[in-house]
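Input: a single structure, listed below in C-alpha cells.
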Amino acid sequence: MYPGRLYSLGTGALLVEAGEKIYCTGKWSRKYNAFIAETALYRGHTPGFFGSISHIRAKSRLIFKRLLFSWSSAGGLVLSLLSGSREYLENGVGDSFRNAGLSHILALSGMHLSFFAGLAGGAGKTLGGKKIRTFAQLAGILFFVWFAGLSPSLFRALICSLLAIISRFVFCRKTDTFEILCAAFLLHSVLRPGDLFSAAFLLSYGALAGILLLGDSVSRVLAKSLPPSLSSPLSASFAAQSATCPISISLFGSFTPIGIVSTVFVSPVVSLFLTLSVIFIILSLAIPFLSPAFGVIMNTLYKLIVSLVSVFARVPPVQI
C-alpha cells in the first residue's frame, strides 16, 4: 500500500507496519540474502486495545507517506527525519550525510525529540501559559515516539526527557543533566538489554556524555577567539566527536572529523527544514490544494541542504 512502491505483482494490498498480521510463505534467497515471499495474506491487525492503537499508527504513517510522496525528494528527507523511514530517500543522500559526519541528523535521536518538545511546549505556553507548557511538551514527546517508533538513540532521549520532567515536579533543587543521563543509562540497560552493544546505543550515550563533560571547557577556550554564535555549537560538536571517536574507530575503523564543522552549518538549515515541514504538513492536511506549492518550497530548501552536505562529504574520513 506504500505510494510509488511496487513490491509484488499480486493484486492484494498489504499494510506492512508494526501490529499488522501478515502470513507469508516462500523461501530464503542466497542471491538477494533475503526471504522471498511467494504468497502473502493480510489478516488485519493484532486484536485488543493495543492492537487497535497500533493499527491507528499504521494508518497514520500510511497517510503521512502518501502526503510526503507528493513532495518528491524533499518528502523523502522529511519522512526520514520525522518517522525513521528511509525508503523514499534519494540514492546517495544517506551516504553523503554519513561521509560528512552527519549520520546523527538522519538517525532518530534527542535532536528530533527536543525539536518536537520545543514546538509542543511553545504552543502550550502560548495557549495556556507556563502551567500547560510542561504537559504539552510531554504530549509532544510521547506522540513523536509513538509515531516514529523506538530506536536505541530515541529511547535514550525519551528516558532522559521523562526523567527531567519528573525531576522538575518532584525535586525542589535543579537536577544535574549528567546524573539524568547516568540514570537513563541504567534504566535503558535493564529495560532493553539488547540495545547495549548496538552502534546507535554507544554513539548516542557517548555523544551526549561528551557534550556534558567537555562542552563547557571547550566553549571557554573557543569563546576567546570566536563569537558565541560559533563557539557554542562548535564546542558541542567537538565534544561529541571527541567522545565518539574511539567508538567509531572500534566499530568502523574510521572517523569523520569534518563532522565538527559540518554540524554547525547544516544543523540550523535542517532545523528550519523541519519547522517548515511540520507547519506545511498541518496546513496540507487542512487545505490539501496548497500541498503542491509547499512541495516547491520544501524542494528548494532540500536542494540547499543536499548541496551543503555534498560539499562536506568530499572531505575524506580518517582511516585507522
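The values are calculated or read from the model by the stated rules, or taken from the named source; none is laboratory data. Keep in mind that this is a model prediction, so the values were computed, not measured. Note that each Cβ is placed from the backbone with ideal geometry, even for glycine, and that neighbours are counted across all protein chains shown. Note: accessible area is taken over every heavy atom of the protein model, side chains too, but ligands, DNA and RNA are not part of it. Shrake-Rupley method; radii C 1.70, N 1.55, O 1.52, S 1.80 Å.
Residues in the stretch 40-57 include at least one that is over 23 Å from V315 (Cα atoms), of a type in the set (A, V, I, L, M) and assigned to a helix (DSSP H, G or I). Only one of the listed residues (A148, A199) is closer than 30 Å to P3 by Cβ and open to solvent by less than 40 Å² (accessible area, probe 1.4 Å). That residue is A148.
In the set (1) within 30 Å of L304 (Cα to Cα); (2) touching a residue at least 40 places away in the same chain (Cβ under 8 Å), R192 fails one condition alone, (1).
Let's see how each residue does on (1) assigned to a loop (DSSP other than H, G, I, E, B); (2) of a type in the set (K, R); (3) out of contact with any Cys (no Cβ under 7 Å at 6 or more places or on another chain); (4) open to solvent by less than 40 Å² (accessible area, probe 1.4 Å):
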residue: G76; (1), (2), (3), (4): no, no, yes, yes
residue: G101; (1), (2), (3), (4): yes, no, yes, yes
residue: H104; (1), (2), (3), (4): no, no, yes, no
residue: L108; (1), (2), (3), (4): yes, no, yes, yes
residue: F115; (1), (2), (3), (4): no, no, yes, yes
residue: G122; (1), (2), (3), (4): no, no, yes, yes
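Among the candidates L158, L142, L191, the residue that is open to solvent by 70 Å² or more (accessible area, probe 1.4 Å) and modelled with pLDDT of 90 or more is uniquely L191. Among residues belonging to the stretch 222-256 that are within 18 Å of R98 (Cβ to Cβ) and in a loop (DSSP other than H, G, I, E, B), point out the one that is modelled with the lowest pLDDT. Ranking the candidates gives G253 first. Checked against (1) without any contact (Cβ under 8 Å) to a residue 60 or more places away in the chain; (2) closer than 25 Å to A117 by Cβ; (3) β-branched (V, I, T); (4) surrounded by 14 or more Cβ atoms within 10 Å (Cβ to Cβ), V261 passes all but condition (2).
Looking at this structure, is R66 farther than 16 Å from F147 by Cβ and among the basic types (K, R)? So that I can check it myself, show each step before the final result.
On the way: farther than 16 Å from F147 by Cβ: no; among the basic types (K, R): yes.
No, not satisfied.
Check I249, I211 and return the single one that is under 22 Å from the mean Cα position of the chain (by Cα), touching a residue at least 12 places away in the same chain (Cβ under 8 Å) and either at negative phi or surrounded by fewer than 21 Cβ atoms within 10 Å (Cβ to Cβ) (or both). Before you say what the answer is, go through the steps one by one.
Details: I249 fails: under 22 Å from the mean Cα position of the chain (by Cα).
Only one candidate qualifies: I211.
Which of the residues belonging to the stretch 166-188 are outside any helix (DSSP H, G or I) and open to solvent by 50 Å² or more (accessible area, probe 1.4 Å)?
F171, C172, R173, K174, D176
All conditions in (1) over 24 Å from S83 (Cβ atoms); (2) open to solvent by 30 Å² or more (accessible area, probe 1.4 Å); (3) assigned to a helix (DSSP H, G or I); (4) of a type outside the set (G, A, S) hold for N299, with the sole exception of (1). Would you please name the residue that is surrounded by the most Cβ atoms within 10 Å (Cβ to Cβ), looking only at residues in the stretch 219-238 that are of a type in the set (A, V, I, L, M) and farther than 19 Å from T256 by Cα? The extreme case among them is L222. Looking across the stretch 83-98, the residues that are surrounded by fewer than 22 Cβ atoms within 10 Å (Cβ to Cβ), part of a helix (DSSP H, G or I) and either in contact with a Ser or Thr (Cβ under 6 Å, 6 or more places away or on another chain) or modelled with pLDDT of 85 or more (or both) come down to V93, G94, D95, S96, R98.
Being closer than 20 Å to S277 by Cβ, open to solvent by 10 Å² or more (accessible area, probe 1.4 Å) and outside any helix (DSSP H, G or I): is that true of R61 here? Considered against the rule, which asks whether it is closer than 20 Å to S277 by Cβ, open to solvent by 10 Å² or more (accessible area, probe 1.4 Å) and outside any helix (DSSP H, G or I), R61 comes out as no.
Hey, can you tell me all the residues within the stretch 25-42 that are in contact with a strand residue (DSSP E or B) (Cβ under 7 Å, 6 or more places away or on another chain), of a type outside the set (A, V, I, L, M) and either modelled with pLDDT of 85 or more or open to solvent by less than 100 Å² (accessible area, probe 1.4 Å) (or both)?
In the first step, residues of the stretch 25-42 are kept if they are in contact with a strand residue (DSSP E or B) (Cβ under 7 Å, 6 or more places away or on another chain); the result is 25-29, 35-42.
The next check asks that each one be of a type outside the set (A, V, I, L, M); those that pass are 25-29, 35, 38-39, 42.
Within the stretch 25-42, T25, G26, K27, W28, S29, F35, T39, Y42 qualify.
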